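The values are calculated or read from the model by the stated rules, or taken from the named source; none is laboratory data. These numbers were taken from a predicted model, which means no experiment stands behind them. Glycine gets a Cβ as well: all are built from the backbone with ideal geometry, and neighbour counts include every protein chain shown. Please note that ligands, DNA and RNA were not included when accessible areas were found on the heavy atoms of the full protein model with its side chains. Shrake-Rupley method; radii C 1.70, N 1.55, O 1.52, S 1.80 Å.
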Amino acid sequence: MAVPSAPAGDEPVSAESLNYSREWSARIICDQFEIGKSFTVYAFLGEAPDDPEQWEEDPSSVGSHGFFVNRDPSRCENCQKQAGGRVEAFIHLSNTLIDLDDVNDPALDVDQIEPYLQQKGISIRIRTLEGDVINPTDLKTFSAEIISTPLREERGHHQLPILGEVERHFPILSPQP
């Protein structure tokens, strides 16, 4: 596992005092106004259930992210400034991965998790607040990929982990040409 070196100015620390892990996420990028109304993106490990009423509670669900969208951006100055711009969101996968019986790596190392995610697959589904299902492949600006970030924590300290460089692993969905 590639582990970031200590930031400049930090005193050297022993390997025994460090705790390494990795945060895995599905990174979503889209033009939030393309759908024209508020929506939620759902991620599933493997296939998603056919019935959208089951999406939130299904055991294969690994998370979701909601996007608030003004239905009439012409009446919203901020919406007009953001028109055509892309937004980025993350559905974090690590807690789900740690809880799985067939993942035996609490550090969530790339060598085990990347092939596991590729083999299982990640399914993406979109549903509007009104319940309409949107096929993400019909959207011109929607993309999703798997990324991870190495984390380093000093044991005994109550600080946020030190983040390494984000690594891009593989696409889930690519924007339409």
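Where the second residue is in a loop (DSSP other than H, G, I, E, B) and among the polar types (S, T, N, Q) and the first is open to solvent by 20 Å² or more (accessible area, probe 1.4 Å) and lies in the range 121-146, which pairs have Cβ atoms under 6 Å and are six or more apart or on separate chains?
If the second residue must be in a loop (DSSP other than H, G, I, E, B) and among the polar types (S, T, N, Q), the pairs left are L129/S38; K140/Q176; S143/S174.
Go through (1) outside any loop (DSSP other than H, G, I, E, B); (2) in contact with a strand residue (DSSP E or B) (Cβ under 6 Å, 6 or more places away or on another chain) and name the single condition T141 misses.
T141 satisfies all of (1) outside any loop (DSSP other than H, G, I, E, B); (2) in contact with a strand residue (DSSP E or B) (Cβ under 6 Å, 6 or more places away or on another chain) except (1).
Restricting the first residue to the range 48-64 and requiring it to be within 12 Å of T96 (Cβ to Cβ), which pairs with a second residue that is in a helix (DSSP H, G or I) and open to solvent by less than 20 Å² (accessible area, probe 1.4 Å) meet a Cβ separation below 9 Å and a spacing of at least six or different chains?
V62/L97
Would you be able to say whether some residue in the range 105-115 is surrounded by fewer than 17 Cβ atoms within 10 Å (Cβ to Cβ), β-branched (V, I, T) and over 16 Å from V62 (Cβ atoms)?
No, the range 105-115 has no match at all.
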